[in-house]
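**Q** Here it is, the structure in full.
Only the coordinates and a few stated rules stand behind these numbers; no lab work does. It should be emphasised that the depicted structure is a prediction, and the values quoted were computed from it without experimental measurement. So basically every Cβ, Gly included, is an ideal-geometry build from the backbone, and we count neighbours across all protein chains shown.
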Amino acid sequence: MRPSDFWKTSAEQEADWLGKSTTWLDMPFGAIEQLCSNLRKPSIPCKANRQKYAGGFFFVTIEVEFDDGVIWVARLCTEHRTGRALSPKIISRRIGCEVATLKLVSERTTIPVPTVYSWSDSTKNELGFPYVLSSAILGQTAEGFELPTLENRPDVIPQHKLEAFQRFCKSLAKVHLELSRITFDKLGSVYFDPKDATKYVADRKHTKTLNLMKQHRSSPENHLKAAFTVWLHRQLLISIANAEEGSSSFMFSHGDLRYANIMVDESGEIIGIIDWDLAGSVPKHNFAAQLREHVQILFPYETRCGPHYSIYHAALVEEEKTQPDHHHVQSLTVSELYASPVTQMLAFATKFIRSANCVDERWPEAYARVLWGTTDWSAALEGDAFKQWYAAIHPSLRAVSPDVSPS
C-alpha cells in the first residue's frame with residue numbers, strides 16, 4: 001500500500017472540511033523531481049504524483065515514485081489551507097525540530113519513522129518552499145483503517161475489529177514506553193546541538209497566553225471568570241513542571257499522536273509514526289495526558305470508553321513486564337502514571353481549556369482541589385498573583401473586578 005492509495009484528488013479535497021489546497025497548481029513538481037533524482041546515487045528518474053496529495057493546515061505532502069519502484073514523500077510548508085503563512089521563525093523551528101526528532105527517535109528506539117534525505121527550513125532553496133524529503137511508510141493511517149473512535153459507537157468494539165484493535169493497542173503501548181525512556185533535563189522542542197550536530201538539546205518552545213477570553217468580551221464578569229480559569233490551568237502546569245525541573249526526567253512526546261499520524265498494516269499493527277514537527281520534552285504527567293487528547297477513545301473520560309481504555313491499559317502493563325528497565329516516575333510505572341488522578345485531571349483540563357466553557361465555576365473548584373487541597377478559590381481570585389497576571393495580559397480591563405466569588 002502506497003501513501004497515495006489513501007489520499008484524495010484536488011476535487012475530492014474541495015469537499016473536505018479543510019477545503020482544497022489553494023497552492024496545489026503552483027507546486028514545483030519539476031523541481032521536486034529533479035532534486036529527488038539527484039539525491040539518489042547514481043541518479044534515478046522519478047515522477048511526482050500530480051493527482052493526489054495529503055495536507056493539513058500548513059503542509060502539503062506529495063508522493064514521489066522512482067523508476068526502480070522506491071517511493072519518497074515531499075512535505076512542503078505553504079499557506080495552502082489558511083491563506084496565510086507561518087512566520088519564518090516558526091517554520092524554521094518546526095522543521096528543525098522534526099528533522100532532529102526523526103534522527104533522535106531512529107537512534108534511540110525501534111519506533112519506525114521516515115528517513116530524511118534532504119530538508120530546508122526556509123524558502124531559499126531550489127523548491128522555493130521550506131521542505132522535508134523523506135522515505136515513505138507504506139501503509140494506511142489508523143484513521144483510514146477505521147479503528148474505534150468517539151464518533152462510531154465507542155461503547156461497542158465491533159467483533160471484526162477487536163483483534164486488530166488489540167494488536168494496535170499492544171504496538172501503541174510499546175511506542176509509548178519507548179518514548180518515555182527518552183528524557184531531557186529541560187522542557188521544549190528538540191534540536192541538533194549547535195556545538196555538536198551529533199547531540200541533541202531541548203529548548204523551550206515559544207509560548208503565549210491562551211487567548212480564550214475573546215469569546216467573553218461582551219460580559220466583563222465572564223471575561224474575568226474565563227481569565228481566572230486560564231490562570232489556574234497555568235498554575236497547574238507550572239507546579240508540575242517546577243516539581244520536575246532539573247531532574248533530567250522530562251519525557252519525550254510526539255505532540256500530535258492521533259490516528260491520522262499513526263500508520264498501520266492490514267492487521268492493525270503500527271508500522272510507522274509520522275509528522276513529528278510538534279514533538280518535544282514535557283512533564284511526565286503531560287506525557288501521559290497527551291494520549292487522551294489525541295487518541296480520545298483510549299482515555300476513560302466517560303464510561304462508554306471503558307472497554308477501549310481497559311484494553312490499552314492492559315497492553316501497557318503487559319508490555320512493561322517484557323521490559324524490566326521500564327521507566328518509573330516517582331515510584332510509578334508508566335501504566336500507573338497513565339491512570340493517575342493528576343494525569344486524568346490534566347487530560348480533562350487540556351481539552352476543556354480550549355473550549356468555550358471557561359466560565360463554568362466547577363472548574364476553578366477542581367483546579368483548586370488539585371493545587372491547594374481545597375475547593376475554595378476565592379483567596380486566589382483576590383490574590384496579587386492573579387491580579388498582576390490579569391492586568392499584564394489585558395491592561396484595558398485593569399479596573400474591572402465584578403463579584404465572581406464562590407457562592
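**Q** May I ask you to derive the relative contact order of the stretch 3-138, considering only C-alpha pairs under 8 Å and at least 6 residues apart, and to give it as an integer percent?
**A** For the stretch 3-138, the relative contact order is 22 percent.
**Q** Continuing with this model, one more query. Based on other C-beta atoms within 10 Å, arrange M27, M1, M251 from fewest to most.
**A** The most exposed by this proxy come first: M1, M27, M251.
**Q** What is the distance, in nm, between label points placed 7 Å from the Cα along the Cα-to-Cβ direction at Y117 and at Q34?
**A** 1.7
**Q** Going by C-beta contacts inside 10 Å, put T78, T322, T23, T375 in order with the fewest on the left.
**A** So the residues, fewest neighbours to most, are T322, T375, T23, T78.
**Q** Then there is this: Quick check on packing: order 186-195, 262-271 by the mean number of other C-beta atoms within 10 Å, highest mean leading.
**A** 262-271, 186-195
**Q** Any idea how far the Cα center of the stretch 249-270 sits from the one of the stretch 93-122, in Å?
**A** So the two Cα centres are separated by 15 Å.
**Q** Could you check the spin-label model distance between R362 and K124? Points 7 Å from the Cα along Cα→Cβ, value in nm.
**A** It works out to 5.5 nm between the two label points.
**Q** For the ranges 5-11, 125-131, what's the packing order if you count other beta-carbon atoms within 10 Å of each residue, average per peptide, and put the highest first?
**A** Peptide ranking by packing, descending: 125-131, 5-11.
**Q** Separate question: Taking Cα pairs under 8 Å and at least six residues apart, what relative contact order does the stretch 59-121 come out at, in percent?
**A** Details: 49 pairs, mean separation 14.2, N = 63.
With pairs under 8 Å counted, the relative contact order is 23 percent.
**Q** Can I ask one more? State the extension gain, in nm to one decimal, for the chain segment bounded by E269 and K186, taking 0.36 nm per residue of separation less the distance between their alpha-carbons.
**A** Gain in length upon complete extension: 26.6 nm.
**Q** Now for a different question. Output the direction-averaged projected area (hull surface divided by four) of the convex hull of the alpha-carbon atoms of the stretch 3-138, in nm².
**A** Values: hull surface 34.1 nm².
Hull-based average projected area comes out at 8.5 nm².
**Q** Here is a follow-up. Apply the Karplus curve 6.51 cos²θ - 1.76 cosθ + 1.60, θ = phi - 60°, to the phi angles in the stretch 60-73 and return the couplings in whole Hz, x for Gly and Pro.
**A** Residue by residue, the stretch 60-73 yields 10, 10, 10, 8, 10, 10, 8, 4, 8, x, 5, 10, 10, 10 Hz.
**Q** Where does each of F184, F228 land when they are ranked from fewest to most other beta-carbon atoms within 10 angstrom?
**A** F184, F228
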